[in-house]
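The values are calculated or read from the model by the stated rules, or taken from the named source; none is laboratory data. Being a predicted model, the structure only gives us computed values, none of them experimental. Heavy atoms of the whole protein, side chains included, go into the accessibility calculation; ligands, DNA and RNA do not. Shrake-Rupley method; radii C 1.70, N 1.55, O 1.52, S 1.80 Å.
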Amino acid sequence: MEDFEQARTRMVIAQVQPNDVSDPRLLAALLEIPRERFVPASRRAIAYIDEDVLLKPADGRNPARYLMEPMPFAKLVQLADILPADLVLDIGCGTGYSSAVLSRLADSVVALECDEELAAAANETLPELEIGNVAVVTGPLNQGYPEEGPYDAIVLNGAVSQVPEALFEQLKEGGRLVAILVEEGRSQAWLFTRHGGRATGRPASNASAKPLPGFAREEGFVF
C-alpha cells in the first residue's frame with residue numbers, strides 16, 4: 001500500500017523545492033494537504049507523480065479535466081504571493097485540491113468550478129478534511145465570481161489563451177492574478193497586478209498545464 005505521507009514529502013523535496021519554490025507557508029501546506037483525497041480512487045497511487053492527473057475524461061460536450069502537476073501549481077501559487085488576510089478566488093478548482101492548499105495561505109477562498117460533478121466532489125472532500133474557509137461555487141470560469149469580490153488574488157488553475165477583462169475587474173487595487181498563458185505555442189506563467197483601475201502583466205517563467213474550459217482566444221484579442 002502506498003505511503004501517502006512519504007509521497008507528499010518526496011513531491012516537495014524532489015519536484016517542488018528544486019524548482020525555486022521556497023515559501024515556507026506554501027511548502028507546509030503542500031506537505032499537509034492529502035492530494036490523494038482529491039483524485040479518483042483508481043488514480044490515488046499516482047496522485048503525487050510529476051504529471052497532470054486525470055480527474056474526469058472528456059464526454060463529448062466537455063473537455064477532460066485534470067489536477068495540475070505539483071511543480072507548476074506550486075510555482076503559480078508562490079507567484080500570487082498570498083497573504084494571511086487575503087480573499088482569494090480559485091478558478092477551475094476541480095475537486096478542491098488547489099483550494100485546500102490556498103486555504104492554508106489565505107483568510108478565505110472562493111472556489112469556482114463549472115462542472116457540477118467536480119464541484120460536488122470538492123464540497124464533499126473539503127469538509128471531511130475540516131477545511132472551513134473555502135466556499136465552493138459554480139458558474140462559467142471565464143466570468144469569475146463577482147458576487148464575493150473584489151479579491152486580493154485570483155488563481156487560474158490551468159492554461160488559458162486569454163484572461164478576460166471581467167476577471168481583472170474583480171481584483172482589488174493592488175490585487176494579483178496569476179495564470180498560465182499560451183500564446184503562439186509558448187506557455188508561460190504570468191503575474192498581473194491591478195493599479196489605478198488597470199491591470200498590467202509580465203511573464204514570470206515557463207510553465208505548462210492542461211487547458212481550462214471557456215478561455216478560447218477571441219478574434220481580435222490584444223493584451
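Would you work out what percent of the accessible area of the stretch 108-214, with all protein chains in place, is carbon or sulfur (probe 1.4 Å)? The value for the stretch 108-214 is 45 percent carbon and sulfur by accessible area.
Accessible surface area normalised per residue over the stretch 31-89 is 46 Å², counting heavy atoms of protein chains with a 1.4 Å rolling probe. When the Gaussian network model of the chain links Cα atoms closer than 10 Å, the mean-square fluctuations of ARG176, ARG186, ARG198 top out at ARG186. The convex hull drawn around the Cα atoms of the chain, when projected onto a plane and averaged over every direction, covers 11.8 nm². Annotation: per residue accessible area for the stretch 112-223 equals 50 Å², rounded to a whole number [probe 1.4 Å, protein chains only]. Dividing the summed -39500 (n - 2.57) terms of all DSSP H runs of n ≥ 4 by the residue count of the chain sets its mean residue ellipticity at 222 nm at -6500 deg cm²/dmol. When the solvent-accessible area of the stretch 1-92 is split by element, carbon and sulfur atoms take up 52 percent of it, the probe being 1.4 Å.
Hey, what's the Kirkwood Rh for the stretch 33-160 if you take every pair of different alpha carbons, in angstrom? Intermediate results must be reported in sequence, preceding the final value.
Numbers: mean 1/r = 0.0687 Å⁻¹.
Roughly 14.6 Å, rounded to one decimal.
Distance from the alpha carbon centroid of the stretch 177-212 to that of the stretch 1-49 works out to 24 angstrom. Full extension of the chain between ASP59 and GLN6 gives 15.6 nm of extra length, using 0.36 nm per residue less the Cα-Cα distance.
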